[in-house]
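The block underneath contains the structure these notes are about, expressed in structure tokens.
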Amino acid sequence: MQPQDFEKIVSPVSVAHFSQYKLTRLLVEHAKKLDFQICTTESLKGVTDGGAIRGREILMGHECVSIDTSSDNFVGVTVSSLVEGEYKQRDFRCKVLVGADGAGSTVRKLMGIDLRGEKDLQKLVSVHFLSRDLGKYILSERPGMLYFIFNTGAIGVLVAHDLEQGEFVLQIPFYPPQQDINDFSPKICEEIIFKLVGRELLDIDVIDVKPWVMHAEVAEKYVCCDSRILVAGDAAHRFPPAGGFGMNTGIQDAHNLAWKLASVLDGTSSSSLLETYEAERRPIALLNTALSVKNFRAAMSVPSALGLDPKIANSVHRAVNVLPSGIQKAALDGIFSIGRMQLSNFFLNESNPLVSPRLEKLKQIFREGKSLQLQFPAEDLGFRYFKGALIPDKIGGMAPLEPPTGRRRDYVPSADPGSRLPHMNMRVLSNSPEEEIVSTLDLVRADKIEFLLIVAPVEASYHLAHVAFKVAKEFKVSARVCVVWPYDAVGGVEASSKAALAPWENFIDVQEVKRSLTNSLSSSWWSICQMSDRGAILVRPDEHIAWRVKSGIAGDPVQEMKRVFSAVLGVK
Ligand SMILES: Cc1cc2nc3c(=O)[nH]c(=O)nc-3n(C[C@H](O)[C@H](O)[C@H](O)COP(=O)(O)OP(=O)(O)OC[C@H]3O[C@@H](n4cnc5c(N)ncnc54)[C@H](O)[C@@H]3O)c2cc1C
């Protein structure tokens, strides 16, 4: 990571490293606050009826086992759950089914959706363990987040999740069928950890051991069965965890889908809006897959330089597979331990002419920053939709996204349709005595489907805002107007918007917060967006730009707004 990742310049929040299981707990707590009922199989004891799932209900421990698409009116889902030691099945009916059931998705398989890409890049065992002793040692000696450890005893990647608490996850290469997951008992895992760390840890506690397979694949389609069944998250794409794109891409899927589902279910949009989910999200998954594979290969350049090319290890593994089964395991262990001998101090040192070119190569990789990268601002924040629930600019069209290089690139804020709304801090102008500073991203309501029109306080834009309010009402969708005042505007400006927008009331006046002069980024909102203050930006409920006009509408604003809402919502 680099210092600017923490500066909150291009985003109101800085990057963070946070364990997934902790995030899941927070999400469940948040769902409860939103009145969701979390039902365990225990609490559902005795409930036999299926039918519709009641609103705001999360059924823990329920596994989708079959799907019935024979009716035009609903999708039937059979779920199985373990109640009092016995598997019980229940049937549900739903309007839309979203398979967010992970990399081995049952929904994807039941719907016959194929995955395209590369399979089986690597097999690993993931070991979640606690050791305050190790946390303390690392904090004092070499604080960091990710450790690639290569020594004669073992090889592994250690992720330090919480150094204070001593919480870690270790990834160890795994070669079945010669190795079995039962070979990785907590005791054996402890021994591997001691070999990697170089000493015994007194307080080690192995919590969980799980095998997993690294793929680089994207579902051939995301939407099927007349837009009634969709896949999201790892069910739709699974790629190497190099660069932290996996869950982030899934969260983006959910964010993209949420407002679309809500507006289809409440009748504001036609079901064709759900097809835009695939048109928008699948290209991003393909891009992030390519980027993660490149980044994974960059990470592997280090063991390759050390003479431990994972490709060679995989070929050795394939070769061992043809040996008589009784000697395969011993042969594999033997070959791998000989391979690791290359890491001994005796062999791997500057004075050994055989390995000095290797060490030079290694230094070069680090000097040029060509190993694993953790931040990709251009892709993390700058991902953009080209086709879907949006209206591309007429003139010039949109410049295509550059293919991923695997190298870090800066994020350049853009107001091109399909882009994520740029962030800028704004002062809320209201009569409240408290000064409130918000991000432009926070101006988009999170609790309802609402489109946000961002304009400057000029007459033509106020007129456009009137039109947008009226047309949105015809389309039965909520619209809010944000009037951006320049940082040097004088006080009392709210009264002008109130008068100019009456009788409409759903608007907010905000004022640019001047950025520090040392910062090379532009300080005005419209220049960040590369637009003039005669322009306007229409933002979707997921903070992506649906439409914009760079410097005023040439034709009839009513016709233009009708065209925009009709195309974005998928209704005539
Ligand atoms: C080692 C490693 C490191 C990673 N690091 C990062 C990182 O730094 N950043 C990042 O963004 N991503 C990372 N990822 C990827 C991330 O873990 C996944 O992309 C993410 O968990 C996918 O979320 P999901 O909800 O789609 O699927 P999952 O997290 O797999 O959740 C699927 C859920 O569906 C449930 N389920 C399964 N089958 C059924 C069924 N038939 N019926 C009902 N429910 C079912 C499962 O029990 C589970 O609760 C990493 C992955 C690995 C393996």
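Take every DSSP beta bridge with both residues inside the chain and express the antiparallel ones as a percent of the total, to the nearest 5. Close to 75 percent.
With the highest mean first, a sort of the peptides 411-417, 499-505 on other beta-carbon atoms found within 10 angstrom per residue produces 411-417, 499-505. Contact order, relative form, for the chain: 11 percent (alpha carbon pairs under 8 Å, 6 or more residues apart, mean separation divided by residue count). The Cβ shell under 9 Å around Ser80 holds other residues with a net charge of +1, Lys and Arg each +1, Asp and Glu each -1.
Think of a 1.4 Å ball rolled over the protein heavy atoms: segment 419-569 then has 45 Å² of accessible area per residue.
Cross-link partners for Lys550 among the aspartates and glutamates, with Cα-Cα distance under 12 Å and sequence neighbours closer than 8 places in the same chain left out: Asp393, Asp416, Asp533. Only lysines eight or more places from Lys514 in sequence, or on another chain, were considered; those with a Cα closer than 20 Å are Lys8. Roughly speaking, what is the centre-to-centre gap between segment 327-377 and segment 119-197 when only Cα atoms are used, to the nearest Å? Result: 18 Å between the Cα centres. Normalising the Debye intensity of segment 248-359 to I(0), with uniform scatterers on Cα atoms only, and taking log10 at q = 0.15 Å⁻¹ returns -0.80. Could you work out how far helix 132-141 tilts from the main Cα principal axis of the chain, as a 0 to 90 degree angle to the nearest 10? Compared with the principal axis, the helix lies near 80 degrees.
Give the share of C-alpha pairs in each 10 angstrom bin for segment 101-176, from 0 to the last occupied bin, in whole percents, shortest bins first. Per 10 Å bin, starting at zero, the Cα-Cα P(r) for segment 101-176 comes out as 16, 34, 25, 18, 7, 0 percent. Between Ala499, Val539, Trp525, the Cα set farthest toward the positive side of the dipole of segment 419-569 (charges on each charged residue's Cβ, about the Cα centre) is that of Val539. Would you please state the base-10 log of I(q)/I(0) at q = 0.10, 0.11, 0.13 1/Å for segment 419-569, with intensities from the Debye formula using one equal scatterer on every alpha carbon? The Cα Debye sum returns log10 ratios of -0.32, -0.39, -0.55.
Using a probe of 1.4 Å, the accessible surface attributed to Cys64 totals some 30 Å² when neighbouring protein chains are kept in position.
Axis of helix 459-474 versus longest Cα principal axis of the chain: the two differ by about 80°, to the nearest ten degrees. Distance from the alpha carbon centroid of segment 480-510 to that of segment 441-479 works out to 13 angstrom. For the residue pairs Lys221/Lys448; Lys32/Lys123; Lys470/Lys498; Lys32/Lys260; Lys473/Lys498, alpha carbon separations beyond 25 Å are given by Lys221/Lys448; Lys32/Lys123. Within the shell of other residues whose beta carbon sits under 15 angstrom from the beta carbon of Asp333, the net charge comes to 0, with Lys and Arg scored +1 and Asp and Glu -1. Divided by 2.2 N^0.38 Å, where N counts the residues, the Cα radius of gyration of the chain comes to 1.12. Within the assembled protein chains, the solvent-accessible surface assigned to Met247 is about 80 Å², based on a 1.4 Å probe. Modelled spin labels at Cys94 and Asp205, positioned 7 Å past Cα toward Cβ, are 3.6 nm from each other. Helix 325-341 and the longest principal axis of the Cα set of the chain meet at an angle near 80°. Note on the chain: with neighbouring protein chains present and a 1.4 Å probe, carbon and sulfur make up 55 percent of its accessible heavy-atom surface.
Mind checking segment 207-283 for chymotrypsin sites (Phe, Trp or Tyr not before Pro) that DSSP puts in a loop (not H, G, I, E or B) and that have at most 12 other Cβ atoms within 10 Å?
In loop regions of segment 207-283 (DSSP not H, G, I, E or B), there are no sparsely surrounded chymotrypsin sites (Phe, Trp or Tyr not before Pro).
Cross-link reach is defined here as a Cα-Cα straight distance under 15 Å, omitting same-chain residues fewer than 8 places apart; for Lys95 the aspartates and glutamates meeting it are Asp68, Asp72, Asp226, Asp266.
Ser227 sits among other residues whose Cβ lies under 12 Å from its own Cβ, and their net charge, with Lys and Arg +1 and Asp and Glu -1, is +1. Entry note, the chain: the mean residue ellipticity at 222 nm calculated from DSSP H runs of n ≥ 4, each adding -39500 (n - 2.57), is -10000 deg cm²/dmol after division by the residues and rounding to the nearest 500.
Here is the P(r) of segment 6-157: all C-alpha pair distances, binned every 5 Å from 0, give 2, 6, 10, 13, 13, 13, 11, 11, 9, 7, 3, 1, 0 in whole percents.
Modelled this way, with points 7 Å down the Cα-to-C-beta line, the labels at Ser80 and Ser527 are 6.4 nm from one another. Charging the Cβ of each Asp and Glu at -1 and of each Lys and Arg at +1, and nothing else, the dipole of the chain about its Cα centre rounds to 1160 debye.
The values are calculated or read from the model by the stated rules, or taken from the named source; none is laboratory data. Everything quoted here is computed from the prediction, not taken from an experiment. Cβ atoms come from the backbone with ideal geometry, glycine included; neighbour counts cover every protein chain shown. In case anyone asks, the SASA skips ligands and DNA or RNA and just uses the protein heavy atoms, side chains included. Shrake-Rupley method; radii C 1.70, N 1.55, O 1.52, S 1.80 Å.
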